[in-house]
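Have a look at the structure below before the remarks.
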Amino acid sequence: MKISELAARTGVATRMLRYYEEQGLITPHRLANGYRDYDSYLVDRVTKIRGLVDSGVPTRIIGDILPCLNQSQEIIVRDPDPELRMMLINQRDAMVERIASLEQNRDALTRYIAAMDQALQPTP
DNA sequence: CTTCTGACA
DNA sequence: TGTCAGGA
């Protein structure tokens, strides 16, 4: 598929798809006319990459972390950098906080929706 | 009309 | 990350 299609199917801007390629995260083939040609499995890969990026994981190590998403425990750490380790720990902790916040907000919406249903369909 | 590379008031 | 240029 061409870049526009991958962008549509992943919700990731073509600009970023080319950027991910520069970072070595994805390597599409090339069509005779020079256009990038993406294999369908890249849709899933790009979705995962975006998820990591949105979570604040530096693109430089996303390639190494990607396998962690599955359960293929064959994790190869190429950059044991202590500073990077601390940054990842901080991001992981921030993630935990956001998840907790999201859960509270989700529950708040659930209760509000329930209240709306009550107003619409009062129990006789 | 779509994509490509390179660049940045 | 968006967007514009200048080509193909």
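Selection within the stretch A:1-52: residues that are within 9 Å of DNA strand B (Cβ to nearest atom) and in a loop (DSSP other than H, G, I, E, B). The member of this set that is farthest from the chain's Cα centre (by Cα) is A:Asn33.
Among the criteria (1) within 16 Å of DNA strand B (Cβ to nearest atom); (2) assigned to a helix (DSSP H, G or I), the one A:Ala100 does not fulfil is (1).
Of everything in the stretch A:1-52 that is under 29 Å from A:Arg85 (Cβ atoms), open to solvent by less than 40 Å² (accessible area, probe 1.4 Å) and of a type outside the set (Phe, Trp, Tyr), the residue that is nearest to DNA strand C (Cβ to nearest atom) is A:Val12. When each of A:Met87, A:Met95 is tested for being open to solvent by 100 Å² or more (accessible area, probe 1.4 Å) and part of a helix (DSSP H, G or I), the lone residue that passes is A:Met87. Of all positions in the stretch A:102-113, at least one carries a residue that is more than 27 Å from A:Glu22 (Cβ to Cβ) and aromatic (Phe, Trp, Tyr). Evaluation of A:Ser55 against the conditions (1) farther than 19 Å from A:Leu6 by Cβ; (2) small (Gly, Ala, Ser); (3) loosely packed, with under 10 Cβ neighbours inside 10 Å shows that the sole unmet condition is (3).
The values are calculated or read from the model by the stated rules, or taken from the named source; none is laboratory data. All values derive from a computational prediction rather than experimental measurement. Cβ: placed from backbone, ideal geometry, glycine included. Neighbour counts: every protein chain shown. Ligands, DNA and RNA are excluded from the accessible area calculation, which covers all protein heavy atoms including side chains. Shrake-Rupley method; radii C 1.70, N 1.55, O 1.52, S 1.80 Å.
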